[in-house]
Amino acid sequence: MRPEEMLTLGVTVMLLPVVILTLRGLSIPGSRFLQWSYAAMLVSHLATNVEAYVLPDAFNLLEHAAVGAAGVLFALGIVAFARREWEGEPE
Amino acid sequence: MTEAVIVGFNAVGALAFLVAFLVAIRIPARRDGLASPGVRMLIAAAAAVYLFVSVSNMLEHGIGYEAVDVVEDYSEVFFVPLLAYTAYALRSRQQYLDEARRARMARRQHDFLLQVIDVSPVGLLVVDDIGGVTFASEGARAALDIGEAAGSVTLPHPAWRVRDPAGEPLERGFASLCPRRAAVEDVPLVLEWPDGATASLLVSAAPMADRTGRLGGYVVALEDVSARRAVLGA
């Protein structure tokens with residue numbers, strides 16, 4: 001386990017309530033995708049730290065699978081948000 | 001085999017973050033939109049960080065290239081704060097837009113009410129607790145010859161006096177109509193102008209609370225019934 005990986009996990013855990021609560025308070029399409037993207041990122045950071053202790057191959061795979069999932073969810077969230085901005089919000 | 005799967009996962013991630021980056025920089029900056037230039041920059045930066053991370057992972061697990069691995073590990077730290085600040089910026093912007101929308105609606109309602117008041121044949125006044133006129137509709141201005149405010153909250157008018165039908169003057173003008181702070185309706189009054197001319201009024205009034213809930217004055221609706229009286233008396 002490397003210090004930068006612990007640092008990333010620490011920051012992700014510390015900002016988890018801030019990000020989730022703030023995103024939940026937003027009435028924008030795509031907010032749910034961004035929350036799940038954050039959750040996937042958290043799984044990735046957890047896995048990369050846990051792999052140093054148990055099931056290194058499995059957790060390494062999980063780490064990268066979670067990054068892929070986080071990317072897809074993040075992109076879906078941003079596309080949904082961008083569509084709202086392109087189309088404009090009804091008054 | 002495992003390495004190939006890892007490269008595959010990162011390829012999916014890289015493609016998705018690339019899409020998010022390209023979409024983010026193309027979001028239009030609308031005046032009534034949530035995406036300020038700062039928000040777009042934050043989203044694009046977050047996407048770029050993980051685009052770099054995914055590509056670095058692909059290089060590491062695909063061809064064993066690890067030169068940027070340390071930089072990649074540290075750059076991962078930035079994604080979450082960038083996402084957090086994006087969410088915070090969006091929330092602030094949304095609150096600002098909601099507030100602006102509420103203010104716009106209140107202004108529209110205010111303008112609508114002023115239009116209704118101005119086209120009403122009944123004159124409307126707001127008077128303070130000593131009888132000074134602080135607001136007059138167009139109808140009331142014409143009937144009572146009330147002028148525009150000039151550096152004062154009390155509107156100027158000729159020194160007319162308000163009397164009851166028995167001829168007793170109301171010392172505080174229209175503010176004397178609600179002695180127990182209760183609304184009154186259709187009270188006949190006489191308006192006496194400085195030159196001795198008179199007008200018959202039918203007046204309704206109700207007390208009005210200020211922002212603190214205390215008495216802030218009275219709203220008065222008046223109708224000049226002189227012509228009607230003259231016809232009935234003739």
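Taking helices (runs of 4 or more DSSP H) that do not extend beyond the stretch A:2-91, which have at least 1 residues that are among the β-branched types (Val, Ile, Thr), within 17 Å of the chain's Cα centre (by Cα) and more than 8 Å from chain B (Cβ to nearest Cβ)?
A:3-24, A:31-50
Go over the candidates B:Leu114, B:Leu97, B:Leu83, B:Leu144 one by one and state the one that is under 19 Å from B:Val187 (Cβ atoms) and surrounded by 11 or more Cβ atoms within 10 Å (Cβ to Cβ).
Testing whether each residue is under 19 Å from B:Val187 (Cβ atoms) and surrounded by 11 or more Cβ atoms within 10 Å (Cβ to Cβ) leaves just B:Leu144.
Can we say B:Val53 is buried (at least 20 other Cβ atoms within 10 Å of the Cβ), β-branched (Val, Ile, Thr), facing chain A (nearest Cβ under 9 Å) and more than 35 Å from the chain's Cα centre (by Cα)?
yes
Go through the stretch B:32-46 residue by residue and tally those that are more than 9 Å from chain A (Cβ to nearest Cβ) and part of a loop (DSSP other than H, G, I, E, B).
The qualifying residues number 1.
State whether the residues of the stretch A:62-84 include one that is surrounded by fewer than 17 Cβ atoms within 10 Å (Cβ to Cβ), modelled with pLDDT under 95, over 24 Å from B:Ala47 (Cβ atoms) and of a type outside the set (S, T, N, Q).
no
Among the residues of the stretch B:68-100, which ones are within 7 Å of chain A (Cβ to nearest Cβ) and without any contact (Cβ under 8 Å) to a residue 24 or more places away in the chain?
B:Asp73, B:Tyr74, B:Val77, B:Val80, B:Pro81, B:Ala84, B:Ala87, B:Tyr88, B:Arg91, listed by residue number.
Quick check on my filter: what residues within the stretch B:17-50 are among the hydroxyl-bearing types (Ser, Thr, Tyr) and more than 33 Å from the chain's Cα centre (by Cα)?
Selection gives B:Tyr50 alone.
What residue, among those in the stretch B:1-31 that are at the interface with chain A (Cβ under 7 Å from one of its Cβ atoms) and not in a helix (DSSP H, G or I), is surrounded by the fewest Cβ atoms within 10 Å (Cβ to Cβ)?
Looking at the filtered set, the residue picked out is B:Pro28.
The values are calculated or read from the model by the stated rules, or taken from the named source; none is laboratory data. This is a predicted model, so every value here is computed, not measured. Every residue, glycine among them, receives a Cβ derived from its backbone with ideal geometry; neighbour counts consider all protein chains shown.
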